[in-house]
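Colleague: What follows is a single structure, and I will ask about it in a moment.
The values are calculated or read from the model by the stated rules, or taken from the named source; none is laboratory data. These numbers come from a predicted model, not from an experiment. Cβ coordinates were reconstructed from backbone atoms using ideal geometry, including for glycine residues, and neighbour counts include every protein chain displayed. We work out accessible area using only protein heavy atoms, side chains counted, and drop any ligands, DNA or RNA first. Shrake-Rupley method; radii C 1.70, N 1.55, O 1.52, S 1.80 Å.
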Amino acid sequence: MRRTRRRFTVGLLVAALVLPFAVHPASAVSGGHEMSDDEERAHYLKGGFGTVRVNINNGERSCSGVGINEDELLLPESHTNSWVLTAQSCFADDPAKDYHVPAGPPKKPATVSFFSTANGTWNWTTSVKRLVPRPDRDLVLVQVAVYWGSSAHIAQGPPRVGETLTSAGFGRSATDWAPEKGQLGNVTVNSTTATAVNVGGTASACKGDAGGPLYREVGDRFEIVGVHGTSWEHGCFGTNESRNGSTEARVDDIYEWIRQQIPNFNYDCSAGLGYEGYGSLSFYSAKNNALYETSSNDLTAREGVADPLTWYSSRAPVSGSGWGGELRAGPVLPAPPLGLGEWDHPIWEVHRKANAQDPFNDGDLRLWNDPFTKNTHAPTTPLEGGERVATGWQRYLDPAFRNQFTIDSAGRIYAIDSAGALREYNWQAATKTWRNPAGDVIDTGWGKYDSITASVDGVLYARTTDGNLYRFQYDHATNTWTQRDKPAGAGWNAYTSITSPGGDILYGAGTVQNGVPVLRWHRYYTEFDTWAARDADGLGRVVLSDAGLLDGGRRPQATPNMCGLHR
């Protein structure tokens, strides 16, 4: 029996809903085409998302959704939470009257099914754990108990009138009541409000498409613009509606809200690809004049997980002699001249003269490159370079001042000089020259800090001799500080060195637990203005306990651009 449709308004959102979604929240099924395996894979590879099916109360209601993020990237045997974006109205008792739902577990049992193109079937079905509704629009974050191994790209610009977007969903098509595979179709933006976008065109959303993604293609990636709200269901199976169009809940303007609910959204520690082909974080350290490299995976860095299986080291030196000075790792950068899949990894060394035959002097600043590849079968490549690029850096060979220089994720070198001025040095790789060989003074009065550590672009952590740590943030576009002297805790003088892979993660070296040297992990969550819990002894979480990797007073230096937001 065909139900009568009516239009109603919720705030600025013009909606059309009648139980059970006779005028359905949006997708583009009618007038579109069946999603191919390649198109489904492209959603994941180019957009970091997957279109999913949401089932309410054992088939009482069916919607679509979009898997957007894993909460924790754990090993296969311990997958935890992931998140899906969909429409609130899918879970409402009477969406025609009010689409809003309370936060917490859904009132009726619900599941989410993930489609596998490899198997051509619904191979993941998991229960919905809780709902986090967005108050001002028909949109909800759904937490589910299954692993989704990617983070979606949220649109960085608003939808534009006249823009062509792609709509996806698992609702009805023009000819099929319950299609097994998803449908895709193009729609055109007719108008926008502060919270919604109205679309029309040859494709139309059908029953079951509510909550599915509306997205655009930007270069080589897909960005989610909205999720389907309501539709006239023009051309859908079982309807004869002549009116066309649907209303979508915008997501382009709620990125920070999503980040507040999901701290790891778009946050990872795999800016470069390691030897094993997955996200890998490199640490360099020196012992007995030899250079060593150790790596850990994304999980260890993001979550501070203490698992020896997530660490790798050949325990053989990368370079066997001449490393008696101070070193810092620079950011990993793609290196197209070396070939597809290869990367450059600069290492900066303040040289200590080894012997009379050593052609370099104390305080020479040398630049090396440790090229590596994501190809697991690639041969080990020797260090390259080692040229002298500056002189006069011998101050930083003194144990009292050796922690007073650092490198950020953009490759800038910061150093505190003998007068207490904070200087910024910029190496121009293309011309192999310094922008200013003397360094640009960006602040004074930094002589009170015995250690500085760069993290996110423009973020510096500075430690006083009594062990108090402070966070600073510098805007290089305006040459101003946007944050100064923000307290970041006490007890940091327990560490002989502090290093960061980026993303407000800090590692401290120099402490011992049960007679074994350990590496400790800290993470600051900017969204909540809080730090991750420390261990019972009041210091950072122990993530590595290994005399073979940390003995001999090694002071590991992390790759500074591996962790952070990669939107």
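Colleague: Put Arg523, Arg366 in order of accessible area, largest first, 1.4 Å probe: what do you get?
Modeller: The ordering from most to least exposed comes out as Arg366, Arg523.
Colleague: Probe radius 1.4 Å, ligands and nucleic acids left out: which of Thr125, Thr496, Thr202 has the largest accessible area, and how do the rest follow?
Modeller: Ranked list, largest accessible area first: Thr202, Thr125, Thr496.
Colleague: At 0.36 nm per residue, and after removing the present C-alpha to C-alpha distance, how many nm does the segment from Arg221 to Asp93 gain when stretched out fully?
Modeller: Length difference between fully extended and current span is 42.4 nm.
Colleague: Right, here's the next one. What does the net charge come to around Ala558 if you take all other residues with beta carbon closer than 14 Å to its beta carbon, with K and R at +1 and D and E at -1?
Modeller: +1
Colleague: Which value, in Å² rounded to 10, gives the accessible area of Ser418 with a 1.4 Å probe and all protein chains present?
Modeller: Ignoring ligands and nucleic acids, Ser418 comes out at about 110 Å².
Colleague: Please pull out the direction-averaged projected area of the stretch 430-540, using the convex hull of its alpha-carbon atoms, in nm² to one decimal place.
Modeller: Values: hull surface 36.4 nm².
Averaged projected hull area, Cα only: 9.1 nm².
Colleague: Using a cut-off of 11 Å between beta-carbons, work out the net charge of the residues near Arg395 (Lys and Arg +1, Asp and Glu -1, Arg395 not included).
Modeller: It works out to a net charge of -3.
Colleague: What do you reckon, how do Thr192, Thr464, Thr482 stack up by accessible area (1.4 Å probe), largest on top? Let's see the in-between values first.
Modeller: Details: Thr192 60, Thr464 20, Thr482 90 Å².
Result of the area sort, largest leading: Thr482, Thr192, Thr464.
Colleague: Can you give the accessible area per residue of the stretch 393-465, in Å², using a 1.4 Å probe?
Modeller: Value for the stretch 393-465: 40 Å² per residue.
Colleague: For the stretch 485-538, what is the accessible area per residue in Å², given a 1.4 Å probe and the full set of protein chains?
Modeller: 38 Å²
Colleague: Okay, next question. Considering only protein heavy atoms and a probe of 1.4 Å, how much of the accessible area of the stretch 408-567 is carbon and sulfur, as a whole percent?
Modeller: Answer for the stretch 408-567: carbon and sulfur cover 49 percent of the accessible area.
Colleague: Cβ under 11 Å from Arg216's Cβ, Arg216 left aside: what net charge do those residues give with Lys, Arg +1 and Asp, Glu -1?
Modeller: That works out to -2.
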